[in-house]
1. Among the candidates Ala50, Ala14, Ala61, Ala24, which residue alone is aliphatic (A, V, I, L, M), touching a residue at least 40 places away in the same chain (Cβ under 8 Å) and surrounded by fewer than 16 Cβ atoms within 10 Å (Cβ to Cβ)?
2. Name every residue in the range 80-94 that is out of contact with any Ser or Thr (no Cβ under 8 Å at 6 or more places or on another chain) and surrounded by 17 or more Cβ atoms within 10 Å (Cβ to Cβ), in order of residue number.
3. Report, by residue number, each residue of the range 96-109 that is in contact (Cβ under 8 Å) with a residue 60 or more places away in the chain and open to solvent by 20 Å² or more (accessible area, probe 1.4 Å).
4. Just a yes or no: is a residue in the range 31-44 under 19 Å from Val122 (Cβ atoms), in contact with a Phe, Trp or Tyr (Cβ under 8 Å, 6 or more places away or on another chain) and small (Gly, Ala, Ser)?
5. Any idea which residue in the range 1-16 is farthest from Lys87 (Cα to Cα), counting only those that are among the polar types (S, T, N, Q) and modelled with pLDDT of 95 or more?
6. Just checking, which of Phe95, Phe47 is of a type outside the set (Gly, Ala, Ser) and more than 19 Å from Arg27 (Cβ to Cβ)?
7. Could you tell me how many of the residues in the range 27-47 are open to solvent by 30 Å² or more (accessible area, probe 1.4 Å) and touching an Asp or Glu at 6+ places or on another chain (Cβ under 8 Å)?
8. Within the range 67-79, does at least one residue satisfy the condition of being surrounded by 19 or more Cβ atoms within 10 Å (Cβ to Cβ), in contact with an Asp or Glu (Cβ under 9 Å, 6 or more places away or on another chain) and farther than 24 Å from Ser124 by Cβ?
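The values are calculated or read from the model by the stated rules, or taken from the named source; none is laboratory data. Computed from a predicted structure; not experimentally measured. So basically every Cβ, Gly included, is an ideal-geometry build from the backbone, and we count neighbours across all protein chains shown. All accessible areas refer to the heavy atoms of the entire protein, side chains included, with ligands and DNA or RNA removed. Shrake-Rupley method; radii C 1.70, N 1.55, O 1.52, S 1.80 Å.
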Amino acid sequence: QVQLVESGGGLVQAGDSLRLSCAASGRTFWMFAMGWFRQAPGKGREFVAAISGSGSTTYYADSVKGRFTISRDNAKNTLYLQMNSLKPEDTAVYFCATSPQPTPSAATGYYDYWGQGTQVTVSS
């Protein structure tokens, strides 16, 4: 059974940084792409960043490019999202997801397992 557990969310001020973590189990972690998505109140789930199984390929949404960095530690079965220069519009519940494919994608339907989410709130 695949399980994804996010952590690291919280309440911060604009300009601050946070690092989200996603602990994965139940799947051969290093073989498969993973992604971060977010959902703000009243909005749909949107792509944030994705990474290949090997970690060599990464994709970012334009809104976070240059501020967020996705990475993974395959030895620890853990996915990370380093978020710098946070803005109030980054406020959302952040979800990690795993795909049955090795290459990353921005499409939500590409991912088959999702975590429960962690809240990130950025005050102005």
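1. None of the others qualify; the one that does is Ala14.
2. Asp90, Ala92
3. Those that are in contact (Cβ under 8 Å) with a residue 60 or more places away in the chain and open to solvent by 20 Å² or more (accessible area, probe 1.4 Å): Pro100, Gln101, Pro102, Thr103, Ser105, Ala106, Ala107, Thr108.
4. So far as the range 31-44 goes, no, none of its residues is under 19 Å from Val122 (Cβ atoms), in contact with a Phe, Trp or Tyr (Cβ under 8 Å, 6 or more places away or on another chain) and small (Gly, Ala, Ser).
5. Step one: list which residues in the range 1-16 are among the polar types (S, T, N, Q), which gives 1, 3, 7, 13.
Now restrict to residues that are modelled with pLDDT of 95 or more: 3, 7, 13.
Working: Gln3: 30, Ser7: 19, Gln13: 8 Å.
The residue in question is Gln3.
6. Numbers: Phe95 fails: more than 19 Å from Arg27 (Cβ to Cβ).
Residue meeting the stated conditions: Phe47.
7. Residues flagged as open to solvent by 30 Å² or more (accessible area, probe 1.4 Å) and touching an Asp or Glu at 6+ places or on another chain (Cβ under 8 Å) within the range 27-47 amount to 1.
8. yes
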